[in-house]
1. Could you look through region 100-139, keep only residues that are of a type in the set (A, V, I, L, M, F, W, C) and in a helix (DSSP H, G or I), and pick out the one that is farthest from the chain's Cα centre (by Cα)?
2. Tell me which residues, restricted to region 69-79, are open to solvent by 50 Å² or more (accessible area, probe 1.4 Å) and in contact with a strand residue (DSSP E or B) (Cβ under 8 Å, 6 or more places away or on another chain).
3. With the requirement that a residue be open to solvent by less than 60 Å² (accessible area, probe 1.4 Å) and either under 14 Å from Ile23 (Cα atoms) or assigned to a loop (DSSP other than H, G, I, E, B) (or both), what does region 33-51 give you?
4. Would a scan of region 80-96 turn up a residue that is open to solvent by 80 Å² or more (accessible area, probe 1.4 Å) and not in a loop (DSSP other than H, G, I, E, B)?
5. Regarding region 37-45, can at least one residue be identified that is of a type in the set (D, E, K, R) and over 22 Å from the mean Cα position of the chain (by Cα)?
6. Provide a single number: the residues in region 52-68 that are more than 12 Å from the chain's Cα centre (by Cα) and either in a helix (DSSP H, G or I) or surrounded by 12 or more Cβ atoms within 10 Å (Cβ to Cβ) (or both).
7. Conditions: (1) among the hydroxyl-bearing types (Ser, Thr, Tyr); (2) under 18 Å from Glu21 (Cβ atoms); (3) free of Cβ contacts under 8 Å to residues at least 24 places away in the same chain. Tyr110 meets all but one. Number of the miss?
8. If Val1 satisfies every condition in (1) surrounded by fewer than 17 Cβ atoms within 10 Å (Cβ to Cβ); (2) closer than 20 Å to Asp83 by Cβ; (3) modelled with pLDDT under 80 but one, which is the exception?
Amino acid sequence: VLLVQDKENKDELGELRKKGEEILARLKSGEDFGAMAKEYSQGPGAEEGGELGVYDPAELDTELKKVIDGLSDGDVSGIIARDTGIQIIKLIRREGGDIKPFEEVRNDIYETIYNEELNKRYTTWLKDLRDKSFTKINF
C-alpha cells in the first residue's frame, strides 16, 4: 500500500490526486512499487516498501475489497481517495482458492471419513486384543 496523506490540509485532495497520478504514471512505466512506497508513502509499512502482509478479505473495508476484487496478481490499483489522503494498492498474490464443487471432492471426503473410521476401529481392536492377552517374559 502506498499512502500519501496531507494531515494539515484535508481540502487539498486535488493536489494529492495530481501527485498520485504522477506516482501512478511512474509505476506504470515500470518503476518498483516498493521503492516508490519507501519514497512517498506515509502509511504503515512504508519502510518495508508498503508491504502489509496477508489479509483476509473480510478484514478490509468494503471500498478496498471492491478495488482488490478487480485486481489480478501483480496489478496496481488506481487512486483511491480517502478522507486524509490517497492510496494506491498493489496486489502481490491471492492465497487460497476457489471452492470446488461437491461432485469433485465427494470421493476424497468419503475416503477421509472411511480412513478415520478404519483407524478408530483398528485402534479399538488392538486395545481389546491387548486387554484379553497374557504375556509372560522369561529370562
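The values are calculated or read from the model by the stated rules, or taken from the named source; none is laboratory data. Values in this document were obtained by computation on a predicted structure and should not be read as measured data. Note that we place each Cβ from the backbone using ideal geometry, even for glycine, and neighbour counts take in every protein chain shown. With ligands, DNA and RNA removed, areas are computed over all heavy atoms of the protein, side chains included. Shrake-Rupley method; radii C 1.70, N 1.55, O 1.52, S 1.80 Å.
1. Applying the filter and picking the extreme gives Leu129.
2. Once the filter is applied, which keeps residues that are open to solvent by 50 Å² or more (accessible area, probe 1.4 Å) and in contact with a strand residue (DSSP E or B) (Cβ under 8 Å, 6 or more places away or on another chain), region 69-79 yields Asp75, Val76.
3. Correct list: Phe33, Gly34, Ala35, Met36, Ala37, Tyr40, Ser41, Gly43, Gly45, Gly49, Gly50.
4. Within region 80-96, none of the residues are open to solvent by 80 Å² or more (accessible area, probe 1.4 Å) and not in a loop (DSSP other than H, G, I, E, B).
5. Yes, because at least one residue in region 37-45 is of a type in the set (D, E, K, R) and over 22 Å from the mean Cα position of the chain (by Cα).
6. Within region 52-68, the subset more than 12 Å from the chain's Cα centre (by Cα) is 61-64, 66-67.
In the following step, the residues that additionally are either in a helix (DSSP H, G or I) or surrounded by 12 or more Cβ atoms within 10 Å (Cβ to Cβ) (or both) were identified as 62-64, 66-67.
Counting residues in region 52-68 that are more than 12 Å from the chain's Cα centre (by Cα) and either in a helix (DSSP H, G or I) or surrounded by 12 or more Cβ atoms within 10 Å (Cβ to Cβ) (or both) gives 5.
7. (2)
8. With (1) surrounded by fewer than 17 Cβ atoms within 10 Å (Cβ to Cβ); (2) closer than 20 Å to Asp83 by Cβ; (3) modelled with pLDDT under 80 applied to Val1, the lone miss is (1).
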